[in-house]
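Have a look at the structure below before the remarks.
The values are calculated or read from the model by the stated rules, or taken from the named source; none is laboratory data. Predicted model only: the values in this text are computed from it and were never measured. So basically every Cβ, Gly included, is an ideal-geometry build from the backbone, and we count neighbours across all protein chains shown. Accessible surface is based on the protein model in full, side chains and every heavy atom, while ligands, DNA and RNA are left aside. Shrake-Rupley method; radii C 1.70, N 1.55, O 1.52, S 1.80 Å.
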Amino acid sequence: MRSRCCLHPSSRVLVGQLAHPAGIAAGWAARVREYSVLESGDEREGLQGLRVLVAEDEFAIAMFLADYLQLKGAHVVGPAGDLRELARLVDDHPIDVALLDINLGGEQVYPLADRLSEAGTPFLLTSGYDDNLPSRFASAPRCPKPYHIDALARQLAGLVAAPRAAAGKV
């Protein structure tokens with residue numbers, strides 16, 4: 001008898017595609033490279049050299065995000081799926097922007113978001129649920145799961161570009 005899968009619905013689709021016997025996993029990497037070649041230079045430069053903290057507890061999603069962001073020129077810090085490891089990463093590495101899954105295996109990411117906010121580090125919250133955000137994060141940028149990976153990358157780049165443009169650094 002087969003055991004039932006306990007993955008979050010957003011992860012099941014991705015894991016199913018990555019484990020497909022026809023080798024769709026290889027196809028994902030080829031498509032990401034193809035999109036990188038086809039996109040405009042400005043969009044690629046949006047993440048080029050940025051240090052992106054990835055907080056994601058679903059292994060397959062975390063690895064896919066890390067690979068994609070690296071292909072876009074970002075330096076990925078992490079990924080990590082628990083607050084203790086994420087705090088260590090923030091202590092040990094400079095961060096330009098963060099991608100934060102709200103629910104990390106039952107832990108809420110808000111203490112880390114508070115810390116990043118206090119340091120002036122922009123972040124993007126993601127979730128596959130309709131989370132009731134604390135009021136202090138009501139206006140925080142969000143990207144619901146499942147997300148379109150290119151849109152997510154543009155949002156991350158935009159979070160850093162706006163303050164840089166205002167400071168005259170672009």
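Some notes on this structure:
- In region 136-170, the residues that are modelled with pLDDT under 90, open to solvent by 70 Å² or more (accessible area, probe 1.4 Å) and not in a loop (DSSP other than H, G, I, E, B): PRO144, PRO163, ARG164, ALA166
- Some residue of region 60-67 being open to solvent by 40 Å² or more (accessible area, probe 1.4 Å), modelled with pLDDT of 95 or more and outside any strand (DSSP E or B): yes
- Residue within region 99-122 that is under 16 Å from ARG51 (Cβ atoms), in contact with a Ser or Thr (Cβ under 8 Å, 6 or more places away or on another chain) and touching a residue at least 60 places away in the same chain (Cβ under 8 Å) present: no
- Top-ranked residue in region 88-124 [being more than 16 Å from ALA62 (Cβ to Cβ) and open to solvent by less than 10 Å² (accessible area, probe 1.4 Å); ranked as nearest to the chain's Cα centre (by Cα)]: VAL97
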